Every structure is written in C-alpha cells, then in structure tokens.
Amino acid sequence: MTKLRWMTAVGCAAIMAAGGVTPASAVTAQHRAGDSGAARVDGRTYVLLGPSVFGVTVQQDPLAYEATRSADGTVRGQWRYDYWQAGVQTTFSGPVTCLSVRGNRAWIGGPVTRSSDPAQVGMGAWWQVADNGAGRHPVVPDQTTFAGIGTMAQTLAYCAGEPAPLHIFDVQLGGLDVDDPGAAG
C-alpha cells in the first residue's frame, strides 16, 4: 500500500473514530435485558465517491458481510471489503467478532485475517450500517460507512460505543438487512 493510500485510510479511520463517538445511551444492544433470539445483519453494499469527499476517488466495491449475535452474546460471521482508491484495489477480510444492533442500525467489526496488503493483517476493521427498508424505490436508501482500519481495541470500542457516524453514505447498489429482536415492532 502506498504511503498516500495508507495515510488516507488511517486518516479516514481516525475521523470516523473521533467524530461523534459517544457512549451508548444505556447499555449496548448486546447486553440489553429482554433480547430474545439472535440479532442479525447481512449485506453487500457498493458506494462510489468522487474526490469532493476525501480528496481522491474511492470505491467500496463491495463491502460484504453476514453476522449473528446469539442471545448469549456470541458473535459469528464473515466479512470482505474490496476498496478501490485511484484505480488500485485492496482487499481485506476476516471473521466478524463484534456486533451491536439497535433498531435499524448495526455496528460491525472484526480482525483483518487476509489482505492483499500484508501490513493490514492483524489490524481491526469496523463499520456501521442503517437498514432503511426495502422495495423498488425506498424513500431513504440503505446507508453504510466505509470501513475503518485500526487496532482490535478500537474495533471492539466502536461496536460497544455505538457512535453516530461522521460520514455515512447512501448505498448505490446492493442492500442490507438488520434484524434486531429487541426492537419494538
């Protein structure tokens, strides 16, 4: 990974981690009393942004994931992130090890266990999504952040803290589904 790409990725991760990180209102969804069943999230989302946002053209093509958090708090799942910047692709993937779900939103993360950039293996990745419904013409499209890359401690804190996103983008292709068994429905 070039120094510019690495610094851009770290800078974006730092902005996402620092911007709007607030503690969860009472307790995170994974510790809420009354949850029955499993919380679940799955998606395959594509986003393309021109240079007006981060100074370079970036593409999430795709961010694909599936994860389940059992009633006992056990998290299982997989993720893969294909990231393009200035025409160069970098891939990251691994297991999902943290998941917090509240209503239509999910905070997801896990270690990078495979990457086309070996320097990323062992790092943590995190992102969040908003499931805004389905249908041919939803009023508000599903939304996703780009993945942040940092330490595993940052990844776990991100899931537990359920921060508001600094940058969240409309999904341009694909979609996602968030199932919160504790949400009133």
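Which condition breaks for GLN120 when tested against (1) in contact with a Gly (Cβ under 8 Å, 6 or more places away or on another chain); (2) modelled with pLDDT of 90 or more?
(1)
Please go through (1) open to solvent by less than 60 Å² (accessible area, probe 1.4 Å); (2) in a loop (DSSP other than H, G, I, E, B); (3) acidic (Asp, Glu) for ASP72 and return the number of the only condition it doesn't satisfy.
With respect to (1) open to solvent by less than 60 Å² (accessible area, probe 1.4 Å); (2) in a loop (DSSP other than H, G, I, E, B); (3) acidic (Asp, Glu), ASP72 is out only on (1).
Give me the residue from segment 84-134 that is in contact with a Cys (Cβ under 8 Å, 6 or more places away or on another chain) and not small (Gly, Ala, Ser) and, out of that set, nearest to GLN154 (Cα to Cα).
Applying the filter and picking the extreme gives TRP126.
When both residues are 6+ apart or on different chains and their Cβ atoms are under 6 Å apart, which pairs have a first residue that lies in segment 81-102 and is touching a residue at least 12 places away in the same chain (Cβ under 8 Å), and a second that is assigned to a loop (DSSP other than H, G, I, E, B) and among the small types (Gly, Ala, Ser)?
From segment 81-102, the pairs are TYR81/ALA147; THR90/SER116; THR91/SER116.
What is the number of the single condition among (1) more than 13 Å from the chain's Cα centre (by Cα); (2) among the small types (Gly, Ala, Ser); (3) more than 23 Å from THR68 (Cβ to Cβ) that GLY182 does not meet?
Answer for GLY182: the failing condition is (3).
Step by step: first the residues of segment 75-118, then only those that are in a strand (DSSP E or B) and among the polar types (S, T, N, Q), then the one that is surrounded by the most Cβ atoms within 10 Å (Cβ to Cβ). Which residue is that?
My answer is SER100.
Looking for something among the charged types (D, E, K, R), open to solvent by 50 Å² or more (accessible area, probe 1.4 Å), within 20 Å of ARG44 (Cβ to Cβ) and in a loop (DSSP other than H, G, I, E, B) - is there at least one such residue anywhere in segment 130-148?
Yes; the residues of segment 130-148 include at least one that is among the charged types (D, E, K, R), open to solvent by 50 Å² or more (accessible area, probe 1.4 Å), within 20 Å of ARG44 (Cβ to Cβ) and in a loop (DSSP other than H, G, I, E, B).
So GLU162 passes all but one of these: (1) within 15 Å of the chain's Cα centre (by Cα); (2) closer than 23 Å to PHE54 by Cα. Which condition number does it fail?
Result: GLU162 passes all but (2).
The values are calculated or read from the model by the stated rules, or taken from the named source; none is laboratory data. Keep in mind that this is a model prediction, so the values were computed, not measured. Backbone-built Cβ (ideal geometry, glycine too); neighbour counts: all protein chains shown. Each accessible area value is taken on the protein alone, full model and side chains, heavy atoms only, with ligands, DNA and RNA left out. Shrake-Rupley method; radii C 1.70, N 1.55, O 1.52, S 1.80 Å.
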